[in-house]
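Written out below as structure tokens is the structure these notes cover.
The values are calculated or read from the model by the stated rules, or taken from the named source; none is laboratory data. Every value quoted in this text rests on a predicted model; they were computed, and no experiment measured them. Virtual Cβ from ideal backbone geometry, glycine too; neighbours counted across all protein chains shown.
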Amino acid sequence: MNITEFTVHELQEKLKNKELTITEITKAYVDRINEKEKDVQAFVTTLTDEAISQAKDIQAKVESGEIKGDLAGIPIGIKDNLCTKGIKTTCSSKMLENFISPYNATVVEKINDENMIDLGKLNMDEFAMGGSTETSYFAKTRNPWNLTKVPGGSSGGSAAAVASNMVPWALGSDTGGSIRQPSSFCGVVGLKPTYGLVSRYGLVAFASSLDQIGPITKDVTDSAILLNLIAGHDKKDTTSVDMPKKDYLKALTGNIKGLKIAIPKEFFGEGINEEVKNKLYEAIETYKKLGAQVEEISLDVAQYALATYYIIACAEASSNLGRFDGIRYTYRTQEFKNLKELYKKSRSEGFGDEVKRRIILGTYVLSSGYYDAYYKKAQQVRTLVTNEFNKAFEKYDVILTPTSPTVAFGIGEKSNNPLEMYLADICTVSVNIAGLPGISIPCGVDSQGMPIGMQLIGNKFCEETILNAAYTFEQEIKFRENYKPEFKGGAK
Amino acid sequence: MQVSREEILHIANLAHLNLEENEIEKYQTNLQDILNFANIVNNAPVEGLDITVGANEAKNVFRKDEIEIFEDNESLLKNAINPEQNMFKIPKVIN
């Protein structure tokens, strides 16, 4: 088996038994990037040379006993909206094309403290706005299962890099599905933690009350390992929650007897592809076999949640993106007569089409005359959605839905229809609106061989429950043993 | 609710964006489509419900007002387009 096919926990085992060295592992990933990146285009910045020299250094320090810890020398990829000191952080935007952060995001600091190796910064939809990574200013990332398809988004580079074995795992961010949906499209595991579990310090803000950072991994065990590292209170993020640290790895028992799973019938209705639905029904049967108690419920909030999501997310984005003004660290227009023109021209030239669309929508719903009808109403609907989920979690441990109504669609297929693209977020946005944890794991492939994702939603701060439910299912169906991306379609 | 051309231009101005002629029409249509969809929030049974301003319980987080000096000016100014004497340079604001 090729080194890059191993999960992180397998790599850790092999390092411990001295079957592999840190330099061998890093070298294997660098070779893989050199081989596959031209087809997949998952990176904005690769750090292959830096990674090799870092690996040698860490290897020596591990051998001399100067460095301990079982994540030392493990490579990782980082979504390009997480600030990395001394390395470009572009958010896949012309606006930040040359931005070099003067500080590290807290999650990046944690990665560095463990002496992990950063293989590069991963492509995304511009400022995380999109579900296909097509709005990136730099490149359209391709889906490793079929290169004519999108990898999903906005963390499409992260998911595609993990699926194509160019990184063993990656960090993404999720505002309305941006970790879970690309994970579903690329056949990997993506976890969006409870709002407040992971510090957002150093994550370039899209919608601050919805954004969370989380792991994209090959399997559920790796997801628990990476969550163990990144979870925790941070005084630099006042919305991060101060609570005792948990060991998520311990939650993976493989026993879900008596687990109460709810199937909200509204998430299996019109608009959900038949093949997706059927694969999900098979998964439900698997859960029953494993000893779970499965019941259908009504959770009639998906449509409201989607409308609310686009109102709130765009409102917050229009405010958050106000800071990009052409003055301190962003793109600046060439010619201008006064300050206002400097602002307006820099922003108009620096932002892409989708970002402008969302700024306009956000500014509209916050503007005088429309605030009550849209923004305030959406905030009330947010309460409604949260209450409905709370009610469901009084009776059930897990809510099971598809991650996305369809498998990965073709590159260019939806890029001219913004509303259609927004409607595809129907299964994931409620989770952000209610601040809940959600995980997407592969549950099979469709007739074209494209992966289908299943979403498990848990109550607030109950990551252990959904991780164990995902783990137990994964052990049963062994997706990774049965299916592999084949890079169909060739480079265009 | 109908979005007029004037409204799009007003909103773009508030957001500090210049729109090309073809963009005005495009965003007008896009915004109209999205608002038509988003209008369903007005049918939601929300009477008597409070607004939610954040995902978790809203509480103030206080800290002591202590000055911390960020000393790495060099890496901050590295991002500046046209710095001068350790400062960001902008066009004249007051004539």
Notebook entry, point to check: In the range B:54-95, what count of residues is obtained for those that are surrounded by 10 or more Cβ atoms within 10 Å (Cβ to Cβ) and closer than 23 Å to residue A:378 by Cα?
Noted result: 3
Notebook entry, point to check: Restricting attention to the range A:322-338, and to residues there that are within 9 Å of another protein chain (Cβ to nearest Cβ) and in contact with a helix residue (DSSP H, G or I) (Cβ under 6 Å, 6 or more places away or on another chain), which single residue is surrounded by the fewest Cβ atoms within 10 Å (Cβ to Cβ)?
Noted result: A:336
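Going by the conditions given, is residue A:160 under 30 Å from residue A:22 (Cβ atoms) and more than 15 Å from the chain's Cα centre (by Cα)?
no
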Next item on the list: Name every residue in the range A:352-370 that is closer than 13 Å to residue A:137 by Cβ and in contact with a helix residue (DSSP H, G or I) (Cβ under 6 Å, 6 or more places away or on another chain), in order of residue number.
Entry: A:352, A:355
Margin query: So in the range B:52-61, with the set limited to residues that are more than 9 Å from chain A (Cβ to nearest Cβ) and not acidic (Asp, Glu), which one is nearest to residue A:434 (Cα to Cα)?
Written below: B:58
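Which count do you get for residues in the range A:366-379 that are in a helix (DSSP H, G or I) and either more than 8 Å from chain B (Cβ to nearest Cβ) or surrounded by fewer than 20 Cβ atoms within 10 Å (Cβ to Cβ) (or both)?
6
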Next item on the list: Tell me, yes or no, whether the range A:252-261 has at least one residue that is in contact (Cβ under 8 Å) with a residue 24 or more places away in the chain, surrounded by fewer than 19 Cβ atoms within 10 Å (Cβ to Cβ) and basic (Lys, Arg).
Entry: yes
Next item on the list: Please tell me if residue A:285 is under 27 Å from residue B:90 (Cβ atoms), assigned to a helix (DSSP H, G or I) and not small (Gly, Ala, Ser).
Entry: no
Notebook entry, point to check: With respect to residue A:107, is the statement that it is in contact with a strand residue (DSSP E or B) (Cβ under 8 Å, 6 or more places away or on another chain), away from chain B (no Cβ under 14 Å), outside any loop (DSSP other than H, G, I, E, B) and β-branched (Val, Ile, Thr) true?
Noted result: yes
Next item on the list: Could you give me the residue pairs with C-beta distances under 9 Å whose first residue belongs to the range B:1-23 and is at the interface with chain A (Cβ under 8 Å from one of its Cβ atoms) and of a type outside the set (A, V, I, L, M), whose second residue is surrounded by fewer than 14 Cβ atoms within 10 Å (Cβ to Cβ) and part of a helix (DSSP H, G or I) wherever it lies, and which are 6+ apart or on separate chains?
Entry: B:16/A:340
Next item on the list: Residue by residue through the range A:339-365, note down the ones that are more than 7 Å from chain B (Cβ to nearest Cβ) and of a type in the set (A, V, I, L, M, F, W, C).
Entry: A:351, A:355, A:365
Next item on the list: Please verify whether the range A:168-190 includes one or more residues that are surrounded by fewer than 24 Cβ atoms within 10 Å (Cβ to Cβ), basic (Lys, Arg) and in contact with a strand residue (DSSP E or B) (Cβ under 8 Å, 6 or more places away or on another chain).
Entry: no
Notebook entry, point to check: Which one of A:437, A:405 is touching a residue at least 60 places away in the same chain (Cβ under 8 Å) and touching a strand residue (DSSP E or B) at 6+ places or on another chain (Cβ under 6 Å)?
Noted result: A:437
Item checked: Test: residue A:287 is among the aromatic types (Phe, Trp, Tyr), at pLDDT 95 or above and under 24 Å from the mean Cα position of the chain (by Cα) -> no
Next item on the list: Filter the range A:47-76 down to residues that are in contact (Cβ under 8 Å) with a residue 60 or more places away in the chain and of a type outside the set (Val, Ile, Thr) and give me whichever is farthest from residue A:7 (Cα to Cα).
Entry: A:50
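In this structure, is residue A:319 at pLDDT below 95, under 30 Å from residue B:57 (Cα atoms) and polar (S, T, N, Q)?
Considered against the rule, which asks whether it is at pLDDT below 95, under 30 Å from residue B:57 (Cα atoms) and polar (S, T, N, Q), residue A:319 comes out as no.
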Notebook entry, point to check: Does any residue of the range A:176-189 turn out to be part of a strand (DSSP E or B) and either closer than 18 Å to residue A:462 by Cα or without any contact (Cβ under 8 Å) to a residue 24 or more places away in the chain (or both)?
Noted result: yes
Next item on the list: Hey, can you tell me all the residues within the range A:317-341 that are out of contact with any Ser or Thr (no Cβ under 6 Å at 6 or more places or on another chain) and either assigned to a helix (DSSP H, G or I) or within 17 Å of residue A:128 (Cβ to Cβ) (or both)?
Entry: A:317, A:319, A:320, A:321, A:322, A:323, A:330, A:339, A:340, A:341
Next item on the list: Please work out which residue is nearest to the chain's Cα centre (by Cα), limiting yourself to the range B:78-95 and to residues that are modelled with pLDDT of 85 or more and more than 9 Å from every other protein chain (Cβ to nearest Cβ).
Entry: B:89
Checklist line | Considering residues of the range A:123-169 that are of a type in the set (A, V, I, L, M) and in a helix (DSSP H, G or I) only, the residue nearest to residue A:422 (Cα to Cα) | finding: A:128
Next item on the list: Tally the residues that are part of a loop (DSSP other than H, G, I, E, B) and under 24 Å from the mean Cα position of the chain (by Cα), restricting the search to the range A:380-407.
Entry: 6
Notebook entry, point to check: From the set of residues in the range A:408-443 that are part of a helix (DSSP H, G or I) and in contact with a Lys or Arg (Cβ under 8 Å, 6 or more places away or on another chain), which is surrounded by the fewest Cβ atoms within 10 Å (Cβ to Cβ)?
Noted result: A:420
Checklist line | Those residues of the range A:1-40 which are surrounded by 17 or more Cβ atoms within 10 Å (Cβ to Cβ), assigned to a loop (DSSP other than H, G, I, E, B) and either under 25 Å from the mean Cα position of the chain (by Cα) or at positive phi (or both), in sequence order | finding: A:6, A:7
Margin query: With the requirement that a residue be free of Cβ contacts under 8 Å to residues at least 60 places away in the same chain, in a loop (DSSP other than H, G, I, E, B) and either away from every other protein chain (no Cβ under 14 Å) or exposed (fewer than 14 other Cβ atoms within 10 Å of the Cβ) (or both), what does the range A:239-251 give you?
Written below: A:242, A:244, A:245, A:247
